[in-house]
Structure formats: C-alpha cells, structure tokens
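The values are calculated or read from the model by the stated rules, or taken from the named source; none is laboratory data. Every value quoted in this text rests on a predicted model; they were computed, and no experiment measured them. Note that each Cβ is placed from the backbone with ideal geometry, even for glycine, and that neighbours are counted across all protein chains shown. Please note that ligands, DNA and RNA were not included when accessible areas were found on the heavy atoms of the full protein model with its side chains. Shrake-Rupley method; radii C 1.70, N 1.55, O 1.52, S 1.80 Å.
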Amino acid sequence: MRILSIGDSQAQGIEVRQEQTYSEVIERYLNTQGDSSKSYQVINAGTSSFGTEEELVFLENEGIKY
C-alpha cells in the first residue's frame, strides 16, 4: 500500500535526517504495528515553500501517478 505525503518544508524534513521525517516514522510504524499482511510505503513529496495551492496542483498533476 502506498501513501503519498505532501506538504512544505516541514513535510520535506528540512534539517533532519531522512529517517526522522514524519513520512519515514509513519512508514516504520505501519510496517511494525499495522496489518502484517500488507507492506506500506510512504512517499515523501514534501517541497520547501509549497503552499496549499501548489500542493493541490502537484497532487493533481504528479502525485496521482503514485
């Protein structure tokens, strides 16, 4: 199962290690505590300086492919 995480620099994880981004934390949690018959992949599509409008455009044009 794939989950797309969109947002701004907070979602992107500026100034933290990749394994500390909330996308990675959610993926680890789901794969250890979630339904064991499923494998989870959380894709981090956070982009610094994106606002709600840019996030929506990204989701409609690119994110839906994932």
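Taking the chain as the reference, fit the longest principal axis to its C-alpha atoms, fit the long axis of helix 52-61 to the helix C-alpha atoms, and give the angle between the two in degrees, 0 to 90, nearest 10.
Long axis of 52-61 versus the principal axis of the chain: about 70 degrees.
Over the chain, with the other protein chains present, what is the accessible area per residue in square angstrom, probe 1.4 angstrom?
74 Å²
Of the residues GLN41, GLN33, GLN18, which exhibits the maximal mean-square fluctuation in a Gaussian network model of the chain defined by a 10 Å Cα contact cut-off?
Of GLN41, GLN33, GLN18, the Gaussian network model singles out GLN33 as fluctuating most.
So what's the back-of-envelope 222 nm ellipticity for the chain, counting only DSSP H runs of four-plus at -39500 (n - 2.57) apiece and dividing by all residues, rounded to 500? Working shown, then result.
On the way: 3 runs with 26 residues, N = 66.
The helix contribution divided over the chain gives -11000 deg cm²/dmol.
Summarise the accessible area of the chain (1.4 Å probe, protein heavy atoms) by the percent that is carbon and sulfur.
For the chain, the apolar C and S fraction of the accessible surface comes to 48 percent.
Long-range amide H contacts for LEU4: which residues qualify at under 5 Å (H placed 1.01 Å from N, peptide plane, sequence gap of 5 or more or a different chain)?
The list, which skips near neighbours in sequence, is ILE43.
Taking the Cα centre of the chain as origin, work out the dipole magnitude from +1 charges on Lys and Arg Cβ and -1 charges on Asp and Glu Cβ, in debye rounded to 20.
Magnitude of the dipole: close to 360 debye.
Please list 3J(HN,Hα) in residue order for the range 5-22, calculated via the Karplus relation 6.51 cos²θ - 1.76 cosθ + 1.60 where θ = phi - 60°; whole Hz, with x for glycine and proline.
Here the 3J(HN,Hα) series is 9, 10, x, 9, 5, 5, 5, 4, x, 4, 6, 10, 5, 3, 5, 9, 5, 5 Hz.
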